[in-house]
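First up is the structure itself, then whatever we jot down about it.
The values are calculated or read from the model by the stated rules, or taken from the named source; none is laboratory data. Keep in mind that this is a model prediction, so the values were computed, not measured. Glycine gets a Cβ as well: all are built from the backbone with ideal geometry, and neighbour counts include every protein chain shown. These accessible areas exclude ligands, DNA and RNA; they are computed on the full protein's heavy atoms, side chains included. Shrake-Rupley method; radii C 1.70, N 1.55, O 1.52, S 1.80 Å.
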Amino acid sequence: MAFAPDGDTLATAGADRTVRLWNVTDPRGPLPLATLTGHSNAVNDVTFAPRGDILASAGFDGTARLWKVTDPRRPLPLPTLTGHTNAVADLSFAPDGRTLASGSFDGTVRLWQVAGAHPTGAPAVLSGHTDRVYAVAFGQDGALASGSVDATVRLWDTDHERVAGRVCALAHPRLTRAQWARHIPGVPYRPPCG
């Protein structure tokens, strides 16, 4: 389950393949707002984007689903995120709300660019765990942690420029003009770490 950032709405994941939204402004009498359907197996996790307008759900069906919940009484389905080959166990939005991480029983973590609630491009696939990934969490600085049944926690740097800088610092020797011409003929010379 997860609270929306305003604390008024609670989302719950169900073995009955649904996500339910509740108004919890009166803790003595929570009111049902909506039931979200679409998963073909039990729902493992739910999480709200930092602004509270998007909800993501993770399912045993191997998918993550996005929902527009600006009006939690009338949620709208958004794209379904597919690509994992086993159950999606956990989800986490980056602090800016533009990236969603999904951890799966397939042993991978996927990073989905979901700015504007619509995924753009293929997800980045982070591999290295040797068993099911049960937990993913973004830190306030955008760093990502994942926990697995393989008894490890991995820390991932999700800043593309910083990662590219480290790769270039380690790439030796630099790709020469002759090597470029031999391996990438017809493309103007532009070494990636130039």
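Just one residue in the set 145, 115 is at pLDDT below 90 and hydrophobic (A, V, I, L, M, F, W, C); that residue is 115.
Taking every residue in the range 141-161 that is under 18 Å from residue 124 (Cβ atoms) and in a loop (DSSP other than H, G, I, E, B) and pairing it with any residue that is hydroxyl-bearing (Ser, Thr, Tyr) and open to solvent by less than 50 Å² (accessible area, probe 1.4 Å), at least 6 positions away or on another chain, the pairs with Cβ-Cβ distances below 7 Å are 142/158; 143/158; 158/99.
Of the residues making up the range 1-20, those that are open to solvent by less than 40 Å² (accessible area, probe 1.4 Å) and either in a loop (DSSP other than H, G, I, E, B) or modelled with pLDDT under 95 (or both) are 4, 7, 14. Per the listing 132, 162, the residue uniquely charged (D, E, K, R), more than 18 Å from residue 102 (Cα to Cα) and open to solvent by 50 Å² or more (accessible area, probe 1.4 Å) is 162.
Checking 17, 65 one by one, the residue that is among the basic types (Lys, Arg) and farther than 26 Å from residue 143 by Cα is 17 and no other.
Restricting attention to the range 148-159, the residues being at pLDDT below 95 and surrounded by 14 or more Cβ atoms within 10 Å (Cβ to Cβ) number 2. Tallying residues that are open to solvent by 10 Å² or more (accessible area, probe 1.4 Å), of a type outside the set (A, V, I, L, M, F, W, C), in contact (Cβ under 8 Å) with a residue 40 or more places away in the chain and on the phi < 0 side of the Ramachandran plot within the range 21-60 yields 8.
How many of the residues in the range 99-112 are out of contact with any Pro (no Cβ under 6 Å at 6 or more places or on another chain) and either within 21 Å of residue 1 (Cα to Cα) or among the aromatic types (Phe, Trp, Tyr) (or both)? Talk me through it step by step, then tell me what you get.
Initially, the range 99-112 is screened for residues out of contact with any Pro (no Cβ under 6 Å at 6 or more places or on another chain), giving 99-109.
If we keep only those that are either within 21 Å of residue 1 (Cα to Cα) or among the aromatic types (Phe, Trp, Tyr) (or both) as well, we get 99-105, 109.
Number of matching residues: 8.
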